[in-house]
1. State all residues of region 87-101 that are within 19 Å of Tyr298 (Cα to Cα) and either modelled with pLDDT under 95 or open to solvent by less than 50 Å² (accessible area, probe 1.4 Å) (or both); if no residue qualifies, say none.
2. Name the residues in region 247-265 that are in contact with a helix residue (DSSP H, G or I) (Cβ under 7 Å, 6 or more places away or on another chain) and of a type in the set (A, V, I, L, M, F, W, C), would you?
3. When Tyr119 is evaluated against the numbered criteria (1) farther than 30 Å from Pro299 by Cβ; (2) touching a residue at least 12 places away in the same chain (Cβ under 8 Å), which criterion, by number, is the only one it fails?
4. Filtering region 267-304 down to residues that are among the charged types (D, E, K, R), exposed (fewer than 14 other Cβ atoms within 10 Å of the Cβ) and at pLDDT 95 or above, which residue is nearest to Asp84 (Cα to Cα)?
5. Can you name the condition, by its number, that Leu185 falls short on among (1) part of a loop (DSSP other than H, G, I, E, B); (2) within 25 Å of Ala248 (Cβ to Cβ)?
6. If I filter region 124-151 down to residues being touching a Ser or Thr at 6+ places or on another chain (Cβ under 6 Å) and of a type in the set (Val, Ile, Thr), which single residue comes out as most open to solvent (accessible area, probe 1.4 Å)?
7. Scan region 29-53 residue by residue and report those that are closer than 19 Å to Phe170 by Cα and open to solvent by 50 Å² or more (accessible area, probe 1.4 Å).
8. Looking at Arg104 and the list (1) out of contact with any Leu (no Cβ under 8 Å at 6 or more places or on another chain); (2) buried (at least 24 other Cβ atoms within 10 Å of the Cβ), which single condition is not satisfied?
Amino acid sequence: MTQLPLAKALNAGLRRAMEDDPKVLLMGEDIGRLGGVFRVTDGLLATFGENRVLDTPLAESGIVGTAIGLAIRGYRPVCEIQFDGFIWPGFDQITSHLAKLTNRLEGRERFPIVIRVPYGGHIGSIEHHSESPETYFAHTPGLRVVTPSTPNDGYWMIQQAIRSDDPVIFFEPKSRYWPKGEVDLETPSVGLHVSRVVRTGSDATLIGYGPMVSVLLAAAEIAAGEGRNLEVVDLRSLSPIDWDPVVASVEKTGRAVVAHEAPGFLGMGAEIAAGISERAFYSLEAPVLRVAGFDAPYPPAKLEKLYLPDADRVLDAVDRTLAY
């Protein structure tokens, strides 16, 4: 075990993937000499050279389109989108082409492309720098969508994503880039698309992913001081979803609260709530409740604490579900 922040764990995972496979290359804006805005690719240019760590023009559509061509020629490109809100210029390439090409070509070609996307708030940034666009991509057939919440998951999931023969949208919670956590450099804990119970409990189930997992764990710790025993499930994968740990937890507790930073309307919380209702209806003692960002554009930095779900809002939902 070693202690690393998520940004360094991702860097180590990328380095190991590049050492293991010479066909893995990185591309994105300012990822080479600068090492990326969040320094996730720091030092990789010096080790692997500019033929494998490519500083690209500011053109997300061009980045993804070029990656598609490289994949056809046998490479495994890892693209960085500098900020979540910058992904929209590449949206057509991702959803109209990358997601559909394997099906369009009846499986004759595979597209092992990873698109890294720093996402979420809590960094006090400006418009288009703190959004959570994950639902758009989870809704698109042909894409795998994952998000780590811990340094250990970051280290292993980026390598697993790179080894996938399908395109993977890899959302990185930038509010979690700096806190350190234990990383096992030898053995992965679980597979890429496995949900995991990260805190056991019996009174209600809290479900989240990425940046919300730390908030849910904080809420569960506060609740423990009030005599309530909350279970926390980290989804890790948004497409596909590993339902078994989620359903097993809800069948045990009878209550569920789903939380994410993205707006609530048609968000991942709606899908999780519907999935639980379909799979564990007779175990539910209360409706599945959602805690989310408000259905409004992301606010100026000084207001983001009012916009983003926190432990208090989660615990308010817990109070409501336990009141049934």
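1. Once the filter is applied, which keeps residues that are within 19 Å of Tyr298 (Cα to Cα) and either modelled with pLDDT under 95 or open to solvent by less than 50 Å² (accessible area, probe 1.4 Å) (or both), region 87-101 yields only Ile87.
2. The first filter runs over region 247-265 and keeps only residues in contact with a helix residue (DSSP H, G or I) (Cβ under 7 Å, 6 or more places away or on another chain), leaving 247, 250-251, 254-262.
Val247, Val250, Ala256, Val257, Val258, Ala259, Ala262 - these are the residues of region 247-265 that are in contact with a helix residue (DSSP H, G or I) (Cβ under 7 Å, 6 or more places away or on another chain) and of a type in the set (A, V, I, L, M, F, W, C).
3. Result: Tyr119 passes all but (1).
4. The first filter runs over region 267-304 and keeps only residues among the charged types (D, E, K, R), leaving 271, 278-279, 285, 290, 295, 302, 304.
Applying the additional criterion that residues be exposed (fewer than 14 other Cβ atoms within 10 Å of the Cβ) yields 278, 285, 295, 302.
Subsequent filtering for residues that are at pLDDT 95 or above retains 278, 285, 295.
Working: Glu278: 32, Glu285: 37, Asp295: 18 Å.
It comes out as Asp295.
5. Only one criterion is unmet by Leu185, namely (2).
6. By that ranking, first place goes to Thr140.
7. Of everything in region 29-53, those that are closer than 19 Å to Phe170 by Cα and open to solvent by 50 Å² or more (accessible area, probe 1.4 Å) turn out to be Asp30, Val37, Arg39, Asp42.
8. Only one criterion in (1) out of contact with any Leu (no Cβ under 8 Å at 6 or more places or on another chain); (2) buried (at least 24 other Cβ atoms within 10 Å of the Cβ) is unmet by Arg104, namely (2).
The values are calculated or read from the model by the stated rules, or taken from the named source; none is laboratory data. Fair warning: this is a prediction, and the values are worked out from it, not measured in the lab. Quick reminder, even Gly has a Cβ in these numbers, built from the backbone with ideal geometry, and neighbours come from all protein chains shown. Side chains are part of the model used for accessible areas, which takes the heavy atoms of the whole protein and leaves out ligands, DNA and RNA. Shrake-Rupley method; radii C 1.70, N 1.55, O 1.52, S 1.80 Å.
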